[in-house]
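One structure is given below, encoded as structure tokens.
Every number here is computed from the coordinates shown, using simple stated rules; none is lab data. What you see is a predicted model, and the numbers here were worked out from it, not measured in a lab. Don't worry about glycine lacking a Cβ; one is built from the backbone with ideal geometry, like all the others, and counts go over all protein chains shown.
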Amino acid sequence: MSQFLQILLSGLATGSIYALVAIGFALVWQAAQTINFAQGEFVMLPAFLVLVGLNYFDLPLWGALLFGLGMSILILGAAFKKLVVEPILPHGGITLVIATIALGILIRESVKEFYSAEGQPYPSVLPSDPINIFGAVVSLQDILNLVLSLGIVVLLTLFLNRTRTGRCMQATAQNPAVAEILGVDVKRMVLYTFLINAALAALASFLITPVYLAKFSNGETLGLIAFIAAIVGGFNQIRGALVGGLLIGVLDNLVATYITAEYRAALPLILLILIILVRPQGILGTPEGRAV
């Protein structure tokens, strides 16, 4: 029983970080009706921005984290929307999807050239001492990752549902034309969405990079798993992205421990196929009509 609890907590901790990235997919979809296939690189880049703050500007860790967060919001939020999304979106969603794929490759190769192909040591933001929970020995970092990730999701949900700005953002996502008629500044709400996505990507980066080191290739696997998590949970629902991320994190650990670790990489794809066959809109998603 203690082993099962240990696996469960570790899976939830990893899955909660997947959920943060998956929520970014959902936010960009709601704001621009497109998929940002550079989302994985959006999580990889902030870790290297922190290393730049530490190694090139000699900032303390907290200062480097603030530097990484601020630069991420500026580059991956404001600049991404202004320089990539706005000019390309009028030409069609598929064009923007291709552009995000190219952007992901550009970010990945730029980081590889600037730093190296080798994994870089990354300072742990949270203590990693082992703790005992009902006989299960788990890392304190895993528990704090889970608590912080879920806390961020709860705060985001409260912001979207309980504040005027959050409700305006949701109205913009549901029907921009009607929202604009009702007096909502649609362009500002869309900008807020991209800024929030960038902040979530940076926070996910700060939490997960100490576990895997800072590597230019981190975004490929993380982006794919988070994309699948968003589909599994429901691409148009933030709570769906949360459920999808947690589910994949837990199932991944359970399969690796009790069945085999050899095919654990195939688990998200198998789950994706099953969901598409049984419930295409995702576990908590709602069907969407599209004009053709």
Worksheet item: How about K215: which lysines have a C-alpha closer than 23 Å to its C-alpha, ignoring those fewer than 8 places off in the same chain?
Response: K112
Worksheet entry | Cross-link reach list, lysines versus K187, counting only Cα pairs under 23 Å and skipping chain neighbours closer than eight places | K81, K82
Practice prompt. Sort out for me the Cα centre separation of the range 231-292 from the range 110-173, rounded to whole Å.
Written response: 20
Worksheet item: Among A199, A47, A102, whose mean-square fluctuation peaks in a Gaussian network model of the chain (Cα, cutoff 10 Å)?
Response: A102
Discussion item. Per 0.36 nm of contour for each residue apart, how much would the distance between L155 and L269 grow if the chain were fully extended, relative to their Cα-Cα spacing?
Written reply: 38.0 nm
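Can you give the local net charge around F216? Use residues other than it whose beta-carbon is closer than 14 angstrom to its beta-carbon, Lys and Arg +1, Asp and Glu -1.
On the way: positive: R108, K112, K215; negative: E41, E109, E113, E118, E220.
Taking every Cβ under 14 Å from that of F216, the sum is -2.
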Worksheet item: Tell me, what is the FRET efficiency for L106 and V137 to the nearest 0.05, using R0 = 51 angstrom and their Cβ-Cβ distance as r?
Response: 0.75
Worksheet item: Using a Gaussian network for the chain with springs between C-alpha atoms less than 10 Å apart, which of these wobbles most: L251, L277, L150?
Response: L277
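Counting each DSSP H run of 4 or more residues in the chain as -39500 (n - 2.57), what helix-only mean residue ellipticity at 222 nm follows after dividing by all residues, to the nearest 500 deg cm²/dmol?
Numbers: 11 runs with 198 residues, N = 292.
Result for the chain: -23000 deg cm²/dmol, rounded to the nearest 500.
Report the full-extension gain for the segment L277 to L144: residue separation times 0.36 nm, less the Cα-Cα distance, to one decimal in nm.
Once the chain is fully extended between L277 and L144, it gains 44.3 nm.
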Practice prompt. Work through the residues other than E118 whose Cβ is under 11 Å from its Cβ and net out their charges, Lys, Arg +1 and Asp, Glu -1.
Written response: +2
Discussion item. Largest first, please: the extent of the C-alpha atoms of the range 156-250 along each principal axis, to the nearest Å.
Written reply: 47, 24, 21
Worksheet entry | Residue among L103, L155, L203 with the largest mean-square fluctuation in a Gaussian network model of the chain, springs linking Cα atoms under 10 Å | L155
Worksheet entry | Correct choice for mean projected area of the Cα convex hull in nm² that was computed from the model, options [x] 26.6; [y] 16.4; [z] 15.3 | [y]
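List the residue ranges in the chain for DSSP H helices whose C-alpha atoms run 24 angstrom or more along the long axis and whose Kyte-Doolittle average is 0.5 or above.
Numbers: long enough: 2-32 (45 Å, 1.42); 39-55 (25 Å, 1.42); 93-114 (31 Å, 1.38); 140-162 (32 Å, 1.66); 186-212 (39 Å, 1.44); 238-258 (30 Å, 1.39).
Helix filter hits for the chain: 2-32, 39-55, 93-114, 140-162, 186-212, 238-258.
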